[in-house]
Amino acid sequence: MAKRSAKLLIVALIAAWVGVLLTAGDSPAQLYRYNDKNGNVVLTDNPPPGVAAEALEKDKALSAPPSEAAVPKDRPQPQAVRPAPPSRGVDKAKEEVDKTARDEAEKAAKEEAEKVAKAEADRETSRLMAEDEAKKQSERQRRLEEADRLEREAKKPIQPTQENIDRQMKLMQDAQRLREMP
């Protein structure tokens, strides 16, 4: 029982490790700041097209409003070229690390399952061998009891005729043969 709980603990730790690897590497997206049509400052990771948005560093996200806030509202806003947002796809290096971690976790889980299956097969083999050995012991005990019975029969007092003597010899030989059987 202790071996089984130790195996379950190992599997749980591996699963937790994979979970940490899959979630811990996320970094925050690039933030952009712009003023909406009501003059409110908006922070977003995906500004709408046609809006002059300023890319922010992490530390400066809540500092001074963007430079276009100083432009009067009655003048048309210049259409600034906004930098292309970063790729929405997962970083290739992180993807490779995640794939490697998943592969290792799957491999470890597969190996653990194989170990458990092998242990089960070994236990079943041991059980069958023990049953077989018990049957052999039982059969041997039965043969020894039969040999004892034949010897007792052969040692009973009889009339000394050739036929009775031959019968006693035959019983003793059968008893000896039963004792010598494996």
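The values are calculated or read from the model by the stated rules, or taken from the named source; none is laboratory data. Keep in mind that what you see is a predicted model, and the values were worked out from it rather than measured. Heads up, the Cβs are rebuilt from the backbone with ideal geometry, glycines too, and the neighbour counts pull from every protein chain shown. SASA here: full protein model, heavy atoms, side chains in, ligands and nucleic acids out. Shrake-Rupley method; radii C 1.70, N 1.55, O 1.52, S 1.80 Å.
Some points to look at:
- Additional length obtainable on full extension of the chain from residue 139 to residue 159, 0.36 nm per residue less Cα span: 3.8 nm
- Distance violations [Cα-Cα > 22 Å] among 94/115; 115/136; 3/110; 7/110; 3/135: 94/115; 115/136; 3/135
- The rule of thumb for compact globular proteins, 2.2 N^0.38 Å, goes into the C-alpha radius of gyration of segment 100-182 2.32 times.
- Solvent-accessible surface (1.4 Å probe) assigned to residue 54 amounts to roughly 70 Å².
- Taking packing as the residue-averaged number of other Cβ atoms within 10 angstrom, the listed peptides 103-110, 160-167 run from highest to lowest as 103-110, 160-167.
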